[in-house]
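The values are calculated or read from the model by the stated rules, or taken from the named source; none is laboratory data. Keep in mind that what you see is a predicted model, and the values were worked out from it rather than measured. A quick note on method: Cβ atoms are made from the backbone with ideal geometry, for glycine too, and the neighbour counts reach across all protein chains shown. Calculation scope for accessible area: heavy atoms of the full protein, side chains included, ligands and nucleic acids excluded. Shrake-Rupley method; radii C 1.70, N 1.55, O 1.52, S 1.80 Å.
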Amino acid sequence: MLVDGKWTTDWHPVQATDAKGGFVRQISGFRNWITADGSAGPTGEAGFKAEAGRYHLYVGLICPWASRTLIGRALKKLGAAISVSVVEPALSDEGWRFGDYPGSDRDDLNGTTYLHEIYTKADPHYTGRATVPVLWDKQRKTIVNNESADILRMLNSGFGALADMTVDLYPKELRAEIDGLNERIYPSLNNGVYRAGFATTQIAYQEAFAEVFAMLDELERRLAGAGPFLLGDRLTEADVRLFVTLVRFDAAYNGLFKCNLRRLVDYPALSRYLNRLLSVPGIRETVSIDHIKRGYYSIKALNPSCIVPLGPELKGLAST
């Protein structure tokens, strides 16, 4: 946790709770937008024009929010335009760290050891958690945005001809339906697993647990009766946001986060859907089950021994 630009305490997953002891997620602090012409986006200031080589993503392969942005970058074929650095999977006492763990990177761009140093480069007096993803502007040497939902949207539409224009994850004719799905799936499932795992009271845990499985049951019925994607034949942002939770469910949330009523493999339609998404070019490469397990099971508040389980071996992902 940074307070006025200074690291103040060992990293802990829960920084705020509600009246029931429920986990409260921090609001993202940087909300500028990249646009094709540099004009201001829905929030923040102008001056972030889409340019090849100007922007850099800091991500963690453990993190579902960061993985949203990696998938957006892959699907929009922005790999050559936006460079990437991956933090180590295990959380240190100072949060995300750059290093030499397989699949991770050193921060050759800014020369930092910890992600929180990127935040203080952007704002020397920053107060809050240093989270991934971070979209960094090499030219202005600042953070553009650290909200994954925003970054996914700007990767889809903010880079103009630099991106693959044949792919649209947020088509106008489906936006109301996409927004409706996001608004329901996020609190109950995407964030619901965290509300269960980081609950500090029994009642907060039980409420989150019930919402997680109610949503999984609903999605199973939906995908059993239609498909191949949430909104029919079109792969959209809603699928990306759901995928990153599903692919982590049996490896982390079912055991460590005590979301253990059922496993994802117990849902036939959801399992088929997950494998269908993994077959989409570019998506599988964003998934590392090793990073996911090593990262989640490094959370000392939930797993003091930091022993990483050998299973489960998710179909098609055991060696990824």
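Mean silhouette area of the stretch 1-82, derived from the convex hull of its C-alpha atoms and averaged over all directions, reads 7.9 nm².
Of all DSSP bridge pairs formed entirely within the chain, close to 75 percent run antiparallel.
Rg of the Cα atoms in the chain, relative to 2.2 N^0.38 Å, amounts to 0.96.
Out of Val132, Val84, Val280, any idea which swings most in a Gaussian network model of the chain, alpha carbons joined below 10 Å? Of the options given, Val280 has the highest mean-square fluctuation.
Note on the stretch 216-313: Cα Rg divided by 2.2 N^0.38 Å, N the number of residues, gives 1.14. Ranking Lys172, Lys77, Lys138 from most to least accessible surface, computed with a 1.4 Å probe over the protein chains only, gives Lys172, Lys77, Lys138.
For the chain, the Cβ-based charge dipole about the Cα centre amounts to some 260 debye (Lys, Arg positive; Asp, Glu negative; other atoms uncharged).
Between Gln139 and Asp93, residue separation times 0.36 nm minus the direct Cα-Cα distance comes to 13.5 nm. Dividing the radius of gyration of the alpha carbons in the stretch 129-225 by their Kirkwood radius gives 1.08 for Rg/Rh. Which log10 I(q)/I(0) values does the stretch 236-289 give at q = 0.18, 0.21, 0.25, 0.28 Å⁻¹ under the Debye formula, counting every alpha carbon as one identical point scatterer? Here log10 of I(q) over I(0) equals -0.59, -0.79, -1.05, -1.21.
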